[in-house]
Structures are given as structure tokens and as C-alpha cells.
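In what follows, a single structure is set out as C-alpha cells and then discussed.
The values are calculated or read from the model by the stated rules, or taken from the named source; none is laboratory data. Fair warning: this is a prediction, and the values are worked out from it, not measured in the lab. Neighbour counts run over all protein chains shown; Cβ positions are idealised from the backbone, glycine included.
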Amino acid sequence: MNIKILNARMERREDKSYMGKVEVEADGHREPYELTIYSKNGNAWEYSLHFLKDPGPEEEILALEEYIESDDDAFDNLVDAAWDTMEQEEQEPGEEQEV
């Protein structure tokens with residue numbers, strides 16, 4: 001599955017945990033998604049996946065969820081995209097990363 005990262009951000013919270021959001025499009029899917037990621041220490045990550053704007057077909061979001069659950073590299077790339085924004089406060093507008 002080809003995933004295009006539209007936007008990513010990460011912040012360190014007051015309790016020293018990490019909260020990030022990654023907006024993505026998946027080839028062949030009607031609607032974009034937002035992946036919210038959370039970690040207490042920056043090592044083990046939890047996530048929530050939902051449609052970014054308008055709802056889309058349930059089978060599409062389930063297919064994306066299955067993909068990121070089964071492909072560690074794809075999930076790591078999404079986390080890395082958000083993590084990298086903590087080091088670079090400003091990214092060029094319109095810059096996209098391929099996963």
C-alpha cells in the first residue's frame with residue numbers, strides 16, 4: 001500500500017509523554033486519514049486511526065489499519081515523520097514524504 005504523508009507534528013507534553021498526529025492519504029482510498037500517536041517514553045507507541053475530514057468506506061479504513069498493524073516499517077515511518085517535526089520546528093509548506 002502506498003501512503004502519502006500530508007502533514008505531521010509531534011509535541012512533548014508536560015508529563016514528558018509524546019503526542020503526535022500524522023495526516024495521510026492512501027492510494028485508492030476516497031478520504032484522507034489522521035493517525036494520532038501517543039507514547040509515555042518515546043519507545044512504545046499507541047495509536048488511533050480515523051478519517052481526517054469526511055467519513056469514508058469502513059473497508060478502506062480497516063485495510064489501512066491492517067496494513068500499519070502488520071508492517072512495522074510503515075508504522076515506524078509514520079512515527080518518524082511526526083518525531084522529525086520536533087527537531088525541525090518549521091517545514092516547508094507543501095512538503096510531502098512518501099512512506
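Select from the range 15-48 the residues that are of a type outside the set (Ser, Thr, Tyr) and part of a strand (DSSP E or B) and list them in ascending order. Listed by number, the residues that qualify are 19, 20, 21, 22, 23, 24, 25, 26, 34, 35, 37, 46. Taking the criterion of being in a helix (DSSP H, G or I) and either more than 13 Å from the chain's Cα centre (by Cα) or touching a residue at least 40 places away in the same chain (Cβ under 8 Å) (or both), the residues of the range 62-71 that qualify are 62, 63, 64, 66, 67, 70.
Among the residues here, residue 18 does not qualify as in contact with a His (Cβ under 8 Å, 6 or more places away or on another chain) and modelled with pLDDT of 95 or more. Taking the numbered list (1) acidic (Asp, Glu); (2) surrounded by fewer than 16 Cβ atoms within 10 Å (Cβ to Cβ); (3) under 15 Å from residue 6 (Cβ atoms) in turn, residue 58 passes all entries but (3).
For the range 1-46, what are the residues that are free of Cβ contacts under 8 Å to residues at least 24 places away in the same chain, surrounded by 14 or more Cβ atoms within 10 Å (Cβ to Cβ) and under 14 Å from residue 80 (Cα atoms)? Result: 7, 19, 36, 38, 39.
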